[in-house]
Amino acid sequence: MIDVLVVDDDFMVARIHRGFVERIDGFRVVGTASTGEEAIAAVDEFRPDLVLLDLYLPDMFGLDVVTRLRAARHDCDVLVISAAREAETVRRSVRYGAVNYLLKPFGFDELRSRLEQYAARRNSPRATVVTDQSDVDRVLSRSGAQTTTSALPRGLSAQTAELVERALREHSGTFSAAECANAVGISRVSARRYLEHFTDTGRAAVGLRYGSAGRPERRYSWVS
């Protein structure tokens with residue numbers, strides 16, 4: 001069972017998010033908080049595994065809560081839930097160790113998808129040592145970290161790679177190159193290159209779908 005603390009300054013929003021979490025198998029809400037100070041105290045009391053953290057709190061910015069928690073040696077994970085759409089805020093959240101970033105408003109299915117991804121990463125067996133670079137890439141992928149942009153093949157950009165990765169992460173099923181291209185806004189050939197790169201580095205999986213005629217279609221999914 002994964003224990004969750006819900007942090008949001010809006011009581012009704014926190015209540016809705018709590019209800020969402022409690023509908024998902026394997027998760028339970030151990031508490032809620034409406035301010036940064038309450039969140040820090042609740043983490044100290046309940047020791048949750050995961051904090052659903054709003055960024056706009058009345059007494060401090062949400063990422064300052066993360067700083068305080070780390071200073072107190074709490075190792076709970078943080079999933080940011082915020083209306084903030086600035087790219088720099090998203091990047092800062094990643095640098096602060098957020099396992100995911102979910103934009104408000106969102107529905108139950110969107111939260112469920114991310115919590116199930118988190119549970120899969122958390123519960124997946126992990127080796128105690130790595131044997132080669134592909135193992136390193138898989139460990140970084142499971143932890144939510146990004147590989148360095150220098151690892152991208154020539155001709156691929158870090159910005160587009162992030163968009164393709166986000167499309168894969170947020171898609172509940174499998175993606176073809178054409179579907180990914182439409183979702184991201186790039187050509188099918190370009191999408192195929194990024195998808196194959198993620199497959200080669202162990203961050204995505206590929207399978208074949210056979211139709212009634214012609215070559216089988218390659219279908220991609222993100223590896224949790």
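Please report the relative contact order for region 151-224, taking Cα pairs under 8 Å with a sequence separation of at least 6, and give it as a percent rounded to a whole number.
Numbers: 86 pairs, mean separation 22.2, N = 74.
Reported as a whole number, the value is 30 percent.
First select every other residue whose beta carbon is under 14 angstrom from the beta carbon of ARG215; then total the charges, Lys and Arg +1, Asp and Glu -1. Display every interim value, and only then the final one.
Working: positive: ARG192, ARG209, ARG218, ARG219; negative: GLU217.
For residues surrounding ARG215, the net value is +3.
Mind pulling the angle between the C-alpha long axis of helix 36-46 and the longest principal axis of the chain? Nearest 10 degrees, somewhere in 0 to 90.
The answer is roughly 90 degrees.
Extending each Cα 7 Å along its Cβ direction at ARG85 and ILE16, get the distance between those two points in nm, one decimal.
So the label points at ARG85 and ILE16 sit 1.7 nm apart.
Could you check how much of the accessible area of the chain is carbon and sulfur, as a whole percent, using a 1.4 Å probe?
Details: 6010 of 12140 Å².
With neighbouring chains kept in place, the figure for the chain is 50 percent.
Can you tell me the dipole magnitude for the chain around its Cα centre, using point charges on the Cβ only (Lys, Arg +1; Asp, Glu -1), in Debye to the nearest 20?
Working: 31 positive and 31 negative charges, 212 e Å.
So the dipole magnitude of the chain works out to roughly 1020 debye.
State which stretch of the chain is the longest one without any exposed trypsin sites (Lys or Arg not before Pro), exposure meaning a DSSP loop state and at most 14 other Cβ atoms within 10 Å.
Details: sites that count: ARG23, ARG73, ARG85, ARG126, ARG154.
No qualifying site falls inside 155-224, the longest such stretch.
Taking only the alpha-carbon atoms of region 25-119, what semi-axes of the equivalent ellipsoid follow from 5 times the gyration tensor eigenvalues under a square root, in whole Å, largest first?
Values: eigenvalues 70, 58, 31 Å².
Gyration-tensor ellipsoid for region 25-119: 19, 17, 12 Å.
Could you give the alpha-carbon Rg of the chain over 2.2 N^0.38 Å, rounded to two decimals? Walk me through the numbers before you get to the answer.
On the way: Rg = 18.7 Å, N = 224, 2.2 N^0.38 = 17.2 Å.
Dividing the Cα radius of gyration by 2.2 N^0.38 Å gives 1.09.
For the chain, what relative contact order do you get, as a whole percent, if you take Cα pairs closer than 8 Å and at least 6 residues apart? Each step should come with its number before you reach the end.
Numbers: 317 pairs, mean separation 29.2, N = 224.
Relative contact order for the chain comes out at 13 percent.
Using the Cα centre of the chain as origin and beta-carbon charges of +1 (Lys, Arg) and -1 (Asp, Glu), tell me which of SER187, VAL51, LEU5 is placed farthest towards the positive end of the dipole.
SER187
Which FRET efficiency value, to the nearest 0.05, do you get for ALA72 and GLN159 by plugging their Cβ-Cβ distance into 1/(1 + (r/R0)^6) with R0 = 35 Å? Walk me through the numbers before you get to the answer.
Working: r = 35 Å, r/R0 = 1.01.
Approximately 0.50, to the nearest 0.05.
Take GLU38, GLU45, GLU165 and sort them by solvent-accessible surface of the protein heavy atoms, 1.4 Å probe, largest at the top.
Details: GLU38 90, GLU45 130, GLU165 10 Å².
Ranking GLU38, GLU45, GLU165 by accessible area, largest first, yields GLU45, GLU38, GLU165.
The values are calculated or read from the model by the stated rules, or taken from the named source; none is laboratory data. On a predicted model such as this, the values are computed, not experimentally measured, just so you know. FYI the Cβ positions are ideal-geometry reconstructions off the backbone, even for glycines, and counts take in every protein chain you see. Side chains included, ligands, DNA and RNA excluded: accessible areas come from the protein's heavy atoms. Shrake-Rupley method; radii C 1.70, N 1.55, O 1.52, S 1.80 Å.
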